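In what follows, a structure is listed as C-alpha cells, so that the remarks can point back to it.
The values are calculated or read from the model by the stated rules, or taken from the named source; none is laboratory data. The structure displayed is predicted, hence computed values, not measured ones. Quick reminder, even Gly has a Cβ in these numbers, built from the backbone with ideal geometry, and neighbours come from all protein chains shown. Only protein heavy atoms, including side chains, enter the accessible area calculation; ligands, DNA and RNA are left aside. Shrake-Rupley method; radii C 1.70, N 1.55, O 1.52, S 1.80 Å.
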Amino acid sequence: MDHTHGTPSRPQDVDVVVVGAGFAGLYMLHRLRQLGFSTRVLEAADDVGGTWYWNRYPGARCDIVTTDYTYSFDPELEKAWTWSEKYATQPEILRYARFVAERYDLRRDIDFRTRVIAARWDSGDDRWQLRTSADERIRCRYYVMATGCLSQPKAMDIPGAERFRGQVYFTSRWPHEEVNFEGKRVAVIGTGSSGVQSIPLIARQAKQLTVFQRTANFSIPAGNGPVKPERSAPLETNREAYRHAGRWSRVGVPSVPTMVMALYSTPEVHRERFEAAWQSGELAELANVFADQIIFREANDILAEMVREKIRAVVKDPATAELLCPQDHAITTKRACLDTGYHATFNQPHVRLVDLHSHPITTITETGVDLPDESLAFDAIVFATGFDAMTGAIVSVDIVGRDGVALKQKWANGPLNYLGLMTAGFPNFFTITGPGSPSVLSNMMVSIEQHVDWIADCLARLRADDMVTIEPTETAEAGWMTHMNDGAQITLFPTANSWYMGANVPGKPRVLLPYVGGVDVYRKTCDDVVAGDYLGFRRSGPAGTRCRDGVIRRVQPDMALVIDLLATLNLPPLETLPADQARFVMGQLNVGRPTGPEIGEIKDGELPGAAGPLPYRLYRPASPGPHPVVVYFHGGGWVLGSHDSDDPLCRDLCKRSDALIISVNYRHAPEARYPAAADDGIAAVRWIAEHTAELGGRPGALAVAGWSAGGNIAAVTCQLARDAGGPRIAGQLLLTPVTDCDTTRPSYIENGEGYILTAPLMTWFWDHYADATDRTQPKASPLRAPDLSGLPPAFVVTCEFDPLRDEGIAYAQALAAAGVPSRHITARGHTHTSLTMVDVVVSGAPLRAEMASALRSFFEPTPS
Ligand SMILES: Cc1cc2nc3c(=O)[nH]c(=O)nc-3n(C[C@H](O)[C@H](O)[C@H](O)COP(=O)(O)OP(=O)(O)OC[C@H]3O[C@@H](n4cnc5c(N)ncnc54)[C@H](O)[C@@H]3O)c2cc1C
C-alpha cells in the first residue's frame, strides 16, 4: 500500500479541506464527494484510522459494543463487514477503517503525513488559507476539523521523563512493530482506559510490573466474547429500526432511559438493577442503572459502593483493594472503563500498585522512578497519561478568524461555540464532535455520522441558496453556552477532576466540554435549527444576507425533558375534560412522583372553613419546635388539587425553611365557585392564627404561601386580613400567582402553548371559578385592588415560560409601588410547574432555596 505524501498534482484551491482521516474525516470525504464538492483531506498519520491508527497498545479495544460502534450510513457496507466479537480489538477496527477507505476509494483524496499547522480566514476572498507541515498553502471555502476528541496526547508533566534511558512507550503513540515485555521490569504510569486495558496484558509478559496510580477509576468487566444472540437479534431482525433507535437514544446505543430513582427505591431494586448492568458489561447500561445517579450524590454513592464491593471481592490484599476503590469522584463523572481481569491482576505476586497521592513521583531518573522513600529500577516505562481532550487538537493549529482573532485567544476561558459545530467570528469553519456536542458522552460513531450529515447538508443548502458563508451569531452562541452550562449544573459532572472538565491538563480552563443533554435531544436541536431557517446562523453570498437570530434552547434542560415526556403520553388537554376527569388525570400523573425529602412529621386534620370543615395537611420540621407557621394554598386553577397534591413542594419548603407548613384544602370550583376559595382562605388563616400553639407553632409568627391559583388565594387572603384588621400575616410567598383575569398580556401570547399550563387551560380554570363580572373584583384579581399599601412583605416568583408571568411581575411591581417591602425573581428557563417538581426538575432547587430563605426572613425580628 502506498500512502504517499501530498503530491504536487493536488489542487491547491478546493471547496473543502477536511483535517483528519479517522472515522469522521473518512465519512465527511465520502459525503462531500457524493455532493460534488472538491475536497482534500489532510492527515498527520501515514494511513487512515485516527484513534485506531495511533492507539496500538496491548489490549486496545472499543468500549461500545462493536455492532453499535460502526458506520450505519450504508446498509451494503453493513452487509459486507462482520465484527468478530462484542468489543473488537484495535487491529480489527483499524482493518475496518482501511476496508471503508478502499471500498469508497477514499485514499486518492487524502494527503498522509501532512499536518495542518495554521489556518487563516481571508475576509477579502471569503476563503480559508491553510498552511501544512510540508509548507504547502491551500485555499478552501470550507474548513472542517475532523481532528478527533482524543487525538492530542497530553503534554508530559512528570519531572525527569526525558532522562530515562530504558524503553519508553506511550499508549497513544504505540510502535507499529511488536513490543515484548518478556523478562522485563515494567512501569505503567496512568490508570485511565488505556492503562486499565493494557495492564492485564503487560502483566502476563513482564517479570515485574509496577502500576503508578493517581486516580482509581471505576471499571466493569467487559464480558467479551461473541455477541450474545439476544443482543444482536434486534439488529439482525430490523437493521433500520435498530439504527434509528440508536440515533434517537440518549447515548447513541438503543436503550430506554430508566425512570427508577435510587433515592426512591429499595435496596433490593438497587441490587437487581446494578447486577443486570454489571452482567451486561456495557457502559451504556452502567450509565442507566438509576435515573438520578448523575444528579444526586447520594444516589450515585449507592451505585458506586456496589462497584467498590465488587473490587473488594476480587482483590485479595485489603490495602490494595482500598487503593483500587475510586473514592474521589462520582461514578460516570469520569469515563468509566471496561476491563478484562484488571482488578485480579493485582493479586499476582509480581504486580505492585503505587499510590501517587501518598508516594508522588519526585523524578524519573536514567534508570527508573524515584519516590520520596525509594528508588525503583525499570527496563521499560509505559505512559498511559491520556489526552488534551476535545480542544487539544483544534487549538494546536494556529487558527485565526475574522479581524485577526485567534481561536486560542477566543477559547482562552473555555470553548465558545454554537451547537459544538461552529464558532462566531470563524466563518465556514466546522468542528466534528467538538466541545459543545454529545461527543465523548456518546457512541462516537453515531455522533460522527450526525455531525457529518449536518455539515454536508448545510454546505449543499448554502450552494443551493446561492450563499457562500455561514457563521453563528453572538446571540445564538451565548444562548448555547448558557444551555450547556444549565445542563452541566444539574449533573455531578462538574464535581470531578476529569478530562471531561479539562482538569487533567494543567492550566486548561475548567468547563464541562461535552454536551450532557443526550444524543436524542441534541439531534433534535440541530434539526430544529435547520427547520427554523438556520436559526442563529448568518448566511451570506450573492443572494444577499439571511439571518434569523435567536436562541434554540431556552427552557431548562430538565424541564424540557418533562415537557417532552408528557407529550409522549398523548393525554387529552385537560380543558377538554369535565372537572372530575381532569382531577383524575392529575391524580394519576402525581402517582409515583418523587415524594420529596423526609421531614419530622406529616399529620392530617380538619379545620373550619367558611362553609364547613376543610381537610388540611400539616408538615412539621424535624427540629424542635415551636416553629413559625406558613399557611399554604395549593395550585390547580381553583378546580384541581387538594391539601396533599403539592406534597413534595410542601415537604421541601418545610425542610428548607424550618417552618411548619399547613396546606389547606379550600373548596373547589365548579362545585363551589367564587368567592368560596377566597373565603376559605381567610377562614383557614384565622383559625390557624388562633390555634397556632396547639398545632405546635410559634404564636404570632404566621405567613401565607401559595402556588398558581393558591398564590391568588394567598394574595387575596393578605388583602382581606389587612382590611379586617387581622390576623397579622408576617409575609406572603407567591409562586407564579394568578393576580389578574386579563388574559391578553404578552406572556399569555408567548407562552400560551407548549409549557404545560396553556392559555386555553387557564381560560377553562377562570370559567369554572368565576363569572365575567366577578373576575374583575380584587377578591379574584388582587392586582385590581384600589390600594395595595399596608400588605405583608412579599416574595414573588415568576417563571419565564409561564402565561402568568406578566401578571405576577405586575403584582410585584404594584406592591413595591405601594410601599410594600417586596422582592421579585424571575426563574430563567422555567415554566409554571417547574419549581414544584421536587427532585424531578432539579434546576428548580436553587430557586426553592431562595423561596425558603424568604420565608425565614418573614419571621426574623424587624430591626428597630
Ligand atoms: C483508546 C481509545 C478507545 C476508544 N474507544 C471508543 C469506543 O469504544 N467508542 C467510542 O465511541 N469512542 C471511542 N473512542 C473515541 C474515538 O476517538 C472515536 O470513537 C473516534 O475514533 C474518533 O474519530 P475521529 O475521526 O473523530 O477522530 P480520530 O480518530 O482521533 O482521528 C483524528 C485524526 O486527525 C488527525 N489530526 C489531528 N490533528 C491534525 C492536524 N493538525 N493535521 C493533520 N491531521 C491531524 C490525527 O492524526 C487523527 O488521525 C476511543 C478513543 C481512544 C483513544
* To do: Return the subset of K154/K310; K86/K316; K154/K408 for which the Cα-Cα distance in this structure is over 22 Å, preserving the input order.
  => K154/K310; K86/K316
* Asked: Can you give the accessible area of V521, probe radius 1.4 Å, in Å² rounded to 10?
  -> 30 Å²
* Asked: Roughly speaking, what % of Cα-Cα pairs in segment 712-796 are separated by over 21 Å, rounded to a whole number?
  -> 35 percent
* Compactness relative to 2.2 N^0.38 Å, alpha carbon Rg of segment 590-727 -> 0.97
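Taking every pair of distinct Cα atoms and averaging 1/r, then inverting, what Kirkwood hydrodynamic radius in Å comes out for segment 777-864? All intermediate terms of the calculation are to be shown ahead of the outcome.
On the way: mean 1/r = 0.0707 Å⁻¹.
By the Kirkwood definition, the hydrodynamic radius is 14.1 Å.
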* How big is the gap, in Å, between the Cα center of segment 29-102 and the Cα center of segment 310-362? -> 32 Å
* According to a simple spin-label model (label point 7 Å from Cα along Cα-to-Cβ), what is the distance in nm between A503 and E309? -> 2.7 nm
* Compute the normalised compactness of segment 694-849: alpha-carbon radius of gyration over 2.2 N^0.38 Å, N being the residue count. => 1.03
* Taking Cα centroids, how far is segment 709-724 from segment 241-287 in Å? -> 48 Å
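Helix-only estimate, please: 222 nm mean residue ellipticity of the chain, summing -39500 (n - 2.57) across DSSP H runs of length 4 or more and dividing by its residues, to the nearest 500. Please list the in-between numbers first.
On the way: 27 runs with 287 residues, N = 864.
Value at 222 nm, helices only, nearest 500: -10000 deg cm²/dmol.
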* How large is the convex hull of the Cα atoms of segment 128-190 per residue, expressed in Å³ as a whole number? -> 171 Å³
* Of K207/K228; K228/K334; K410/K524, those spanning more than 31 Å from alpha-carbon to alpha-carbon -> K207/K228
* Straight-distance crosslink candidates among aspartates and glutamates, where the alpha carbon sits under 16 Å from K508 and sequence neighbours closer than 8 are dropped -> D157, D388
* When the solvent-accessible surface of protein heavy atoms is calculated with a 1.4 angstrom probe, in what order do T266, T365, T385 fall, highest first? -> T266, T385, T365
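What translational D, rounded to a whole number of µm²/s, comes out for segment 536-643 from Stokes-Einstein when the hydrodynamic radius is the Kirkwood one over Cα pairs, at 37 °C and 0.692 mPa s? Present the calculation step by step, with values, prior to reporting the outcome.
Details: Rh = 19.2 Å.
The estimated diffusion coefficient comes to 171 µm²/s.
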* **P(r) tail fraction, segment 370-528 - alpha-carbon pairs more than 27 Å apart, %** => 30 percent
* **Accessible-area ranking of R617, R98, largest first, probe 1.4 Å** => R98, R617
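If I361, I110 are ordered by their accessible area, calculated over protein heavy atoms with a 1.4 Å probe, which sequence runs from highest to lowest?
Details: I361 30, I110 0 Å².
The most accessible residue leads, giving I361, I110.
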* Asked: Alpha carbon centre of segment 110-154 versus segment 773-793: separation in Å?
  -> 66 Å
* Asked: Using bins 20 angstrom wide from zero, how does P(r) for the chain break down, in % of all Cα pairs?
  -> 14, 39, 31, 15, 1
* What figure in square angstrom, to the nearest 10, would you give for the accessible area of D339 with a 1.4 Å probe? -> 10 Å²
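Given a 1.4 Å probe, how much area per residue of the chain is accessible, in Å²? Intermediate results must be reported in sequence, preceding the final value.
On the way: 33100 Å² over 864 residues.
Per-residue value: 38 Å².
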* Asked: To the nearest 10 square angstrom, how much accessible area does T215 have with a 1.4 angstrom probe?
  -> 20 Å²
